[in-house]
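These notes are about the structure you will find just below.
Any read-out appearing in this document is the output of simple, stated calculations on the displayed coordinates, not a laboratory observation. Just so it is clear, the model here is predicted, and its values are computed rather than measured. Backbone-built Cβ (ideal geometry, glycine too); neighbour counts: all protein chains shown.
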Amino acid sequence: MFEAKSGLRKLAAITAITTLALSIPLAAQAAETKFPETVTFLAGAFGTDGKKVDLYGKTEWGVTLESMIQLKAGGRSLTKQLPAVQNVLASSLNAIGNKAAPGFLTNADGTLKVGRAGLFLFASEALDVPNNAVRAMVFKKLKAVTNATTGEITGVAAGSIDYAWASLGLNSYDEKSLANKVVLQMLKQQHADGGFGSGGTDSSADATGLALQAISLYKTFGSKDQDALRLAATKTAVAYLRSTDVANNHWDAYGEASINSTAYAAMGLKAAGAKITAYSAWLQSKLAPTGGFKTSWSAGLGDVYSTSQGYVPLIGLSYLDLIKKN
């Protein structure tokens, strides 16, 4: 539930949003939903209480956050996501924790999980949640580990993926200057083949697709030289994805066709201005009758992890289409 401080104001704000959502005719909401079975499948992954996604016997907070973003893209109102919003996005205790126990944004030693913190800020904005107090706390922690001059981030474990989510989160929090520096620092991690990675020297479709979204959120928000650097990086990253595309409609990972890699790569291309119709069609071909995406390990059924990243590009969008740009 909401923390005690400012709890009544937050509850009142969400109640107002709830009232507004309920005023929209259900038929109109349903008409706007593409692949409703997929939305229903993903919503069902939150369990009977609707608070979070559990996989393999434990809560997967990153999957929960991305699933909430996917559900927003599927027209799932804030009202229908309210249990998860209260549990995940509106509780500082759950998100950050305290001296007794870490939250899902912090490690056991109290250090910040940088990429997840950026994802938290981005998800809060995408869902338009009135959680300003919690957002401010998360931003303060992210800012504390980010060099205000160079954009270098302390404690990064997943390379460009962490940098990309950090910059997306900062931009969604309207911290454009710091976000620009983080993006420019991320560009230094671009590999010779044009791709980005999660660490080491290997590029991946996933990291490159996410990096492209971080680069492309604002076309011009620095100096001309900085804008030129981002444009050049975009061109080479797009070229990398084109060169690693399989059959012009998907990407592989670990030796097999990958929903998640295709989803992130397609969203990156969409953010960079490319058409992704072929990738959306391929994703559609991988839907199970139950609505989720099939994988090699899901025995013909829908897989929650794949679906937690795949719905947005299935309907031809990227994550950038889900937030307001100021």
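Treating only the Cβ atoms of Lys and Arg (+1) and Asp and Glu (-1) as charged, compute the dipole magnitude of the chain about its Cα centre; round to the nearest 20 debye.
Taking the Cα centre of the chain as origin, the dipole is about 840 debye.
Among R242, R230, rank each residue by its count of other Cβ atoms within 10 Å, from fewest to most, as a rough exposure measure.
Working: R242 13, R230 22.
By the 10 Å Cβ count, ascending, the order reads R242, R230.
Using the Karplus curve 6.51 cos²θ - 1.76 cosθ + 1.60 with θ = phi - 60°, work out ³J(HN,Hα) for each residue of segment 269-286 in order, rounded to whole Hz, and write x for Gly and Pro.
Those phi angles translate into 5, 4, 5, 7, x, 8, 7, 10, 4, 5, 6, 5, 5, 5, 4, 4, 5, 9 Hz.
Before rounding to the nearest 500, sum -39500 (n - 2.57) across all DSSP H runs of length at least 4 in the chain and divide by the residue total; then give [θ] at 222 nm in deg cm²/dmol.
Working: 14 runs with 166 residues, N = 326.
Taken over the chain, the calculation gives -16000 deg cm²/dmol.
Using alpha-carbon positions, what is the distance between the centroids of segment 271-301 and segment 39-104, in Å?
Each part reduced to its Cα centre gives a spacing of 23 Å.
With unit charges on the beta carbons (Lys and Arg positive, Asp and Glu negative) and the dipole taken about the Cα centre of segment 205-245, which residue among Y218, A207, V238 sits farthest to the positive side?
Towards the positive end, the residue furthest out is Y218.
For segment 172-188, what does the Karplus curve 6.51 cos²θ - 1.76 cosθ + 1.60, with θ = phi - 60°, yield as ³J(HN,Hα) per residue in whole Hz, taken in order and with x for Gly and Pro?
Result, ordered by residue: 5, 8, 6, 9, 5, 4, 5, 4, 4, 5, 5, 4, 4, 5, 5, 4, 5 Hz.
Calculate the spin-label point distance for A281 paired with A100, positioning each point 7 Å from the Cα along the beta-carbon direction, and give it in nanometres.
Taking the two extended label points, one gets 5.7 nm.
Taking H as built 1.01 Å from N, whose amide H comes closer than 5 Å to the amide H of F293, not counting residues under 5 places away?
It is A288, D303, T307, by chain and number.
Please list the non-local residues whose amide H lies under 5 Å from the amide H of L55, H modeled 1.01 Å from N, same-chain partners needing a gap of 5 or more.
The answer is E60.
With unit charges on the beta carbons (Lys and Arg positive, Asp and Glu negative) and the dipole taken about the Cα centre of segment 7-322, which residue among L269, S77, S298 sits farthest to the positive side?
S77
I'd like to compare 305-315, 75-85: which one has the highest average count of other Cβ atoms within 10 Å, and what's the full order after that?
305-315, 75-85
Using Cα positions and a limit of under 22 Å, work out the lysines in reach of K188, with same-chain residues fewer than 8 apart set aside.
Filter leaves K113, K143, K176, K219, K224, K235.
Calculated FRET efficiency, T59 and E32, Cβ-Cβ r, R0 25 Å, to nearest 0.05?
Between T59 and E32 the formula returns 0.25.
Rounded to the nearest 0.05, what FRET efficiency do A239 and T150 give with R0 = 25 Å and r taken as the Cβ-Cβ distance? Could you check?
Plugging the Cβ-Cβ distance into 1/(1 + (r/R0)^6) gives 0.40.
What FRET efficiency would be calculated for the residue pair K324, A133, taking the C-beta separation as r and a Förster radius of 22 Å, to the nearest 0.05?
Working: r = 20 Å, r/R0 = 0.93.
The calculated FRET efficiency here is 0.60.
Restricting to Cα atoms and excluding each atom paired with itself, what does the Kirkwood estimate give for segment 7-322 in Å?
19.8 Å
Quick one: 3J(HN,Hα) in Hz for segment 228-233, Karplus 6.51/-1.76/1.60 with θ = phi - 60°, rounded, Gly and Pro as x.
Whole-Hz 3J(HN,Hα) from phi for segment 228-233: 5, 4, 5, 5, 5, 5.
Beyond 14 Å, what share of the Cα-Cα pairs of segment 166-241 is found? Please give it as a whole percent. Intermediate results must be reported in sequence, preceding the final value.
On the way: 1575 of 2850 pairs.
Summing the P(r) tail past 14 Å for segment 166-241 gives 55 percent.
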